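Worksheet for the structure shown next.
Nothing in this text is a laboratory measurement; each read-out follows from the coordinates by a stated rule. Remember, it's a predicted structure, so these values are computed and weren't measured experimentally. Using ideal geometry, Cβ is built from the backbone for each residue, glycine included, and neighbour counts are taken over all protein chains shown.
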Amino acid sequence: MGPRIGIIAGSGEFPFFLLAEAQKMGYSCLVAGIKQEAETDLRNKVDIFEWVDVGDILGLVSFFKKNGVKEAVFAGKVDPRKIFAEEKLNEDSRRLLAQSKDRGPTAVLKTIIDFMAKEGIQIMDPTSFIASSFCQEGVLTKTKPSPDTEEDIEFGLRIAKNIADLDIGQTVIVKNKAVVAMEGMEGTDEAIRRGGRLAGEGTVVVKVSRSFQDPRVDLPAVGLNTVKSLIEARSRVLCIEAQSIPFFQKEEAISLADAQRISIVAKKR
C-alpha cells in the first residue's frame, strides 16, 4: 500500500481522472464526496469513501484524520453559490468562513486550505497528477477557426485574463469583438448557454487561468460537458489557455466537436 492521499471530490470529470492517475502512481486514495456535487460512481473506485456536506468543513477534516490522511487535493467543481445558502453551513463553518476576506471562491478556498493545514492536512497541487491533460499551443480539432473568429479569440483572451485576475470568473463569451457574457458564480457551462441565448449562433468561448493561479484553488478545466454546452449554445469556437487549463475526456470531446464543426484551440496569452 502506497502513501495515502485524500481527494475532496466535486462534480465533473476531474475527480475520476485525478483518482485514476493517483492510483497509477501508487497512492492509496480515500474520497470525500461533496453531497449533491460528486458522482455516485466514485464510491465504486475506492475502498474508503464518505459523503460530506458542503457546509461541514470540520466533518471533512474529521474523516481524513480518522483515516490517517495528511495530504489531500481538491478535484472537481462545487457550486460557489452555495456559500450564500447559510442553512447549508453549520455553525463552525459559518465562523470559519467569516474569517475570509470576501466570499469569492478564491478567498473562501484559501481560508479552508489554511484551516486544514493548521489541522495537519496539507492541500496539494494537483497538477503533478494531471500533467497529461494539459494542451500544447495549437488547433486541437480538424475544424480550424476562421479569420473572423481568430480576431474574436484575441479579443476574448485579453478580456478573459482581466476578469480572471479580478476573481470574477475565468470564461468570457464574445461575438464580433463584443463581450456577450462573462462567467459568474453559475459556472462555465451555464455561462456558455447564456451567451448562446443572448447572441445566437456563432459565439466564441475563451477560458483562461489567472495570472497568478494557485493550482490548489479552483483550477479551471474543460471537458466533454463543455463541448456539449457549446453545441447547445451553437458556439463556433472554444479557446483555452495552453498549458494552463486541463482538458479531460479530450479525445471524445474533440471528436464530438469535429462532428459539429466546432473549433477547439489552445493559445498562450
**Complete:** Ranking 109, 141, 97 by how far each Cα lies towards the positive end of the charge dipole of the range 80-216 (+1 on Lys and Arg Cβ, -1 on Asp and Glu Cβ), the top one is 97
**Complete:** Rounded to the nearest 10 degrees, the helix 147-165 long axis (Cα) sits at an angle to the longest Cα principal axis of the chain of 30 degrees
**Prompt:** For the Cα atoms of the chain, what angle does the longest principal axis make with the long axis of helix 105-118, in degrees from 0 to 90, nearest 10?
**Reply:** 30 degrees
**Prompt:** Given charges of +1 on the Cβ of Lys and Arg and -1 on the Cβ of Asp and Glu, with all other atoms neutral, how large is the dipole of the chain about its Cα centre, in debye to the nearest 20?
**Reply:** 260 debye
**Item:** Considering only the chain, percent of DSSP beta bridges that pair antiparallel, nearest 5
**Value:** 30 percent
**Fill in**
For residue 70, counting only aspartates and glutamates whose alpha-carbon sits under 16 Å away and dropping same-chain residues fewer than eight positions off, the answer is 114, 119, 125
**Request:** Give me the angle, in degrees from 0 to 90, between the Cα long axis of helix 14-24 and the longest principal axis of the Cα atoms of the chain, rounded to the nearest 10.
**Result:** 60 degrees
**Message:** What is the ratio of the Cα radius of gyration of the chain to 2.2 N^0.38 Å, with N the residue count, to two decimals?
**Reply:** 1.02
**Fill in**
Partner aspartates and glutamates whose C-alpha sits under 18 Å from that of residue 175, ignoring same-chain residues fewer than 8 away, are 148, 150, 151, 152, 154, 183, 189, 190, 201, 232
**Message:** Helix-only estimate, please: 222 nm mean residue ellipticity of the chain, summing -39500 (n - 2.57) across DSSP H runs of length 4 or more and dividing by its residues, to the nearest 500.
**Reply:** -10500 deg cm²/dmol
**Message:** Compute the orientation-averaged projected area for the range 4-128 from the convex hull of its Cα atoms and round it to one decimal in nm².
**Reply:** 7.1 nm²
**Asked** Listed here are the pairs 77/268; 77/144; 118/207; 101/161; 35/65; 77/142; which of them are more than 27 Å apart at the Cα?
**Response** 77/144; 118/207; 77/142
**Prompt:** Given the range 134-267, what percent of its DSSP beta bridges are antiparallel, to the nearest 5?
**Reply:** 50 percent
**Prompt:** By the gyration tensor of its Cα atoms, with a ≥ b ≥ c the square roots of the eigenvalues, what is the shape of the range 134-267: rounded for a/c under 1.5, prolate for a/b over b/c, or oblate?
**Reply:** rounded
